[in-house]
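Engineer: Please find one structure pasted underneath; my questions will follow.
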Amino acid sequence: MPPHTAILFVCLGNICRSPLAEAAFRAHLQAASLALEVDSAGTGDWHIGKPPDHRAQAVALRHGVDISGYRARQVQRADFARYSHIVAMDHSNLAALQALKPEGARAELSLLLDHLDARRGEAVADPYFGDARGFEITWQDVWAGTAALLQRLTQVSA
Ligand code: 4NP
């Protein structure tokens, strides 16, 4: 893996999709006995300092991960220098990141599902206004997407 590989997952509120992506990626890292800098953030500022949505906490716990200690934060311009990969959940998040990215910053921007061949160009749907079933779909999407991302990152170093 290239030196200083660091991954930031981004959605709108940082209380549903990107915390779940962070949790899934951390689980994959742990299973592979790898350590990388990982975080998540939102493009919006409404939920700064808040824990993940209770439905996101519940689905993570059902899959064996406790995210109750996570706290929402907003993406900052400094993130584009700190993180080598900034991974957006949907096209709107990606557009917001492209607009915020300082000229020449190192971060490579992508959609999470771009890393999964069969889902390239697709968004992780926003579950916020839906019911609990939507959060299970989110978990399945971020689980598969982050597994593919880690595989890609580890292959780069091979
Ligand atoms: P997230 O979900 O971007 O996956 O964290 C949302 C959270 C909050 C809102 C929208 C989406 N909101 O409108 O407050």
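Engineer: Using the heavy atoms of the protein chains alone and a 1.4 angstrom probe, what is the accessible area of the chain per residue in square angstrom? Walk me through the numbers on the way to the answer.
Structural biologist: Details: 7690 Å² over 158 residues.
On a per-residue basis, 49 Å².
Engineer: Rounded, prolate or oblate for segment 10-77? Axes are the square roots of the Cα gyration tensor eigenvalues, ordered a ≥ b ≥ c, and the cut-off for rounded is a/c under 1.5.
Structural biologist: Because a/c hits 1.5 or more and a/b fails to exceed b/c, segment 10-77 counts as oblate.
Engineer: For Glu122 and Met1, what does the FRET efficiency come to when R0 = 25 Å and r is the distance between their Cβ atoms, rounded to the nearest 0.05? Walk me through the intermediate numbers first.
Structural biologist: Working: r = 26 Å, r/R0 = 1.02.
Given R0 = 25 Å and the Cβ-Cβ separation, E is 0.45.
Engineer: Another one. Compute the Kirkwood hydrodynamic radius of segment 6-157, taking the inverse of the mean of 1/r over all pairs of distinct Cα atoms, and give it in Å to one decimal.
Structural biologist: Numbers: mean 1/r = 0.0663 Å⁻¹.
Final number for the Kirkwood radius of segment 6-157 is 15.1 Å.
Engineer: Could you work out what % of the accessible surface of segment 6-157 is carbon and sulfur, using a 1.4 angstrom probe and leaving DNA, RNA and ligands out of the count?
Structural biologist: 53 percent
Engineer: In nm, what is the difference between 0.36 nm times the number of residues separating Arg106 and Ala81 and their Cα-Cα distance? Present the calculation step by step, with values, prior to reporting the outcome.
Structural biologist: On the way: separation 25, 0.36 × 25 = 9.00 nm, distance 0.56 nm.
Answer, rounded to one decimal: 8.4 nm.
Engineer: State, to one decimal in nm², a quarter of the convex hull surface area for the C-alpha atoms of segment 83-158, i.e. the direction-averaged projected area. Numbers along the way, then the final one.
Structural biologist: On the way: hull surface 23.2 nm².
The directionally averaged projection comes out at 5.8 nm².
Engineer: While we're looking at this one, here's another question. Work through the residues other than His4 whose Cβ is under 10 Å from its Cβ and net out their charges, Lys, Arg +1 and Asp, Glu -1.
Structural biologist: On the way: positive: Arg82, Arg106; negative: Glu37.
Its environment carries a net charge of +1.
Engineer: Counting other Cβ atoms within 10 Å, which chymotrypsin sites (Phe, Trp or Tyr not before Pro) in segment 84-158 have at most 15 and lie in a DSSP loop? Intermediate results must be reported in sequence, preceding the final value.
Structural biologist: Working: sites: Tyr128, Phe129, Phe135, Trp139, Trp143; in loops: Tyr128, Phe129.
The qualifying sites are Phe129.
The values are calculated or read from the model by the stated rules, or taken from the named source; none is laboratory data. Computed from a predicted structure; not experimentally measured. Methodologically, a virtual Cβ is constructed for each residue, glycine included, from the backbone with ideal geometry; neighbour enumeration extends over all protein chains shown. Each accessible area value is taken on the protein alone, full model and side chains, heavy atoms only, with ligands, DNA and RNA left out. Shrake-Rupley method; radii C 1.70, N 1.55, O 1.52, S 1.80 Å.
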